[in-house]
Amino acid sequence: MKYFQILFDNMLLEDLQVVLKVAEFRSITAAATNLDMRTATASAAIKRVESALGAELFVRTTRHLRLSSAGERYIPQCQQALLTLDQARQNIQDDLDIVDGELRIALSSDLGRNLAIPWLDEFMDAYPKVSLRTHISDSNIDFYRDSLDIAIRYDSPTDASLYGFKLCNVPVVLCATQEYLDKHGTPKHPQDLSAHNGLFYQRYDITHDVWEFSDGKTSHKIKMNGNRVANDGDLVRRWCVAGKGLAVKSCLDMSVDLLSGNVVNVMPEFKPLSTELWLICPSRQSITPVVRLLRDSFRMKTKDILNRLIDKALVDAAALSF
């Protein structure tokens, strides 16, 4: 306790956070921009801390700013102390099951816009002290660069440092509109697909134009032809609903259109490779009461959709047990 008293005596935590940002960016202006404050306000915060310490933390010149010898000793201890205080606050919130604060969440394009955002709206209605910051993209994410708390993504995390919760198994379906099939014919076997137009998803500069199907006994890989490629899953869905061709998509992404009859499950006896939906956190400390409640909510929502798809024979129940 005495250590923290010495470290924080006559100082505001907000001022210390400014000091740490200046040390990180080696620039008062850049730190102020990051913290959404005026440069003069940041400078005043540094002066207050240095006055309380009786020592200068930074050596300033007209072009550069660097840590002083006192700053090199003080900054790491200050950083660790603030982390300890933040962890203590988090522990208290966990103990009290406090459901509040900002939730910074990454969502894939299609699932995010068409399903997850309405689910999050319902969640925030139930827990009005929760605020939301969304990052909607199919691109690769970096939890620390993008300042994210959680991500909802297909497939399990490959980085061993991440923590994940599996939400559900997700069958994948081959989709098209009935109008497209009436005009171009309905394929009965994967080999028939060579005569059709594929709608392709591109990720990390790789176009997914080789589609794989299985009838439970034999696998079939088909190199498709197509005239549309997008790095946005929602755009692929929109093309499919517009009757531009065939698409291989998650049944969750296509659930609204499947249930409404906008598209049909083509060649259902030959199934594309299935996937999984995961909630991923960058660390154990990120698994807050809000995250656990959201995990349970998304599990319930996805289970309801999958059951509706099964009830209408739009997907096979056996696909959920893989």
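Name the residues in segment 143-189 that are crowded, with 20+ Cβ neighbours inside 10 Å and among the β-branched types (Val, Ile, Thr), would you? Matches in segment 143-189: Ile150, Ile152, Val170, Val172, Val173, Thr177.
Across segment 185-207, the qualifying residues are those that are part of a loop (DSSP other than H, G, I, E, B) and free of Cβ contacts under 8 Å to residues at least 24 places away in the same chain, and the one among them that is farthest from Lys244 (Cα to Cα) is Asp205. Set side by side, the residues Ala106, Ala160, Ala151 differ, and just one is aliphatic (A, V, I, L, M), in the same structural domain as Lys303 (by TED's automatic domain parsing), touching a Leu at 6+ places or on another chain (Cβ under 6 Å) and not in a helix (DSSP H, G or I), which is Ala106.
Quickly run through segment 164-181 and pick out the residues that are modelled with pLDDT of 95 or more and of a type in the set (Phe, Trp, Tyr). Tyr180 - this is the single residue of segment 164-181 that is modelled with pLDDT of 95 or more and of a type in the set (Phe, Trp, Tyr). Taken together, Trp211, Trp239 contain a single residue that is assigned to a strand (DSSP E or B) and surrounded by 14 or more Cβ atoms within 10 Å (Cβ to Cβ), which is Trp211. Of the residues in segment 263-272, not one is of a type in the set (A, V, I, L, M) and either closer than 30 Å to Ser147 by Cα or in a helix (DSSP H, G or I) (or both). The residues of segment 289-305 that are free of Cβ contacts under 8 Å to residues at least 12 places away in the same chain and under 18 Å from Ile105 (Cα atoms), listed by number, are Arg292, Asp296. Taken as a whole, the structure leaves Arg89 outside the set of residues that are assigned to a helix (DSSP H, G or I), under 20 Å from Val170 (Cα atoms) and either modelled with pLDDT under 95 or not assigned by TED's automatic domain parsing to the domain that holds Val291 (or both).
The values are calculated or read from the model by the stated rules, or taken from the named source; none is laboratory data. Values in this document were obtained by computation on a predicted structure and should not be read as measured data. Every residue, glycine among them, receives a Cβ derived from its backbone with ideal geometry; neighbour counts consider all protein chains shown.
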